[in-house]
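Okay, so here's the structure we're looking at.
The values are calculated or read from the model by the stated rules, or taken from the named source; none is laboratory data. Keep in mind that this is a model prediction, so the values were computed, not measured. When we count neighbours, we look across all protein chains shown, and the Cβ atoms used for this are built from the backbone with ideal geometry, even at glycine.
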Amino acid sequence: LCSILSVGCNTKISPEGEDTRRLCPQCHNVSVLSAKSTTWFELFWIPLLPISRKHIWVCGICQWSQKVTKEYVFPHPPSSKY
């Protein structure tokens, strides 16, 4: 009898909080949002248990991301008012 077992971990990113977009330090587009990154334990491609959660900044264009920390305050985009 042969059994094929498929297990793994997958990370899902979902937007959260305010919808104020910020300037991306990598691609220089105003497309960075706050998000929650959750790593799930999966069995046969079905998410079963969340392993870790963290709050991140993520760019919707180039996929740049950085963990949110108290030491680093992400700048708002430049104002269009002169």
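Check the range 23-33 and report whether any residue there is under 26 Å from Ile61 (Cβ atoms), of a type in the set (Val, Ile, Thr), touching a residue at least 40 places away in the same chain (Cβ under 8 Å) and in contact with a Cys (Cβ under 8 Å, 6 or more places away or on another chain). Yes, the conditions are met somewhere in the range 23-33. Against the numbered list (1) modelled with pLDDT of 90 or more; (2) buried (at least 16 other Cβ atoms within 10 Å of the Cβ), Ser52 comes up short only at (2).
Residue-by-condition table, conditions (1) among the hydroxyl-bearing types (Ser, Thr, Tyr); (2) surrounded by 15 or more Cβ atoms within 10 Å (Cβ to Cβ); (3) out of contact with any Cys (no Cβ under 7 Å at 6 or more places or on another chain); (4) modelled with pLDDT of 90 or more:
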position: Asn10; (1), (2), (3), (4): no, no, yes, no
position: Gly17; (1), (2), (3), (4): no, no, yes, no
position: Thr38; (1), (2), (3), (4): yes, yes, yes, yes
position: Phe41; (1), (2), (3), (4): no, no, no, yes
position: Glu71; (1), (2), (3), (4): no, no, yes, no
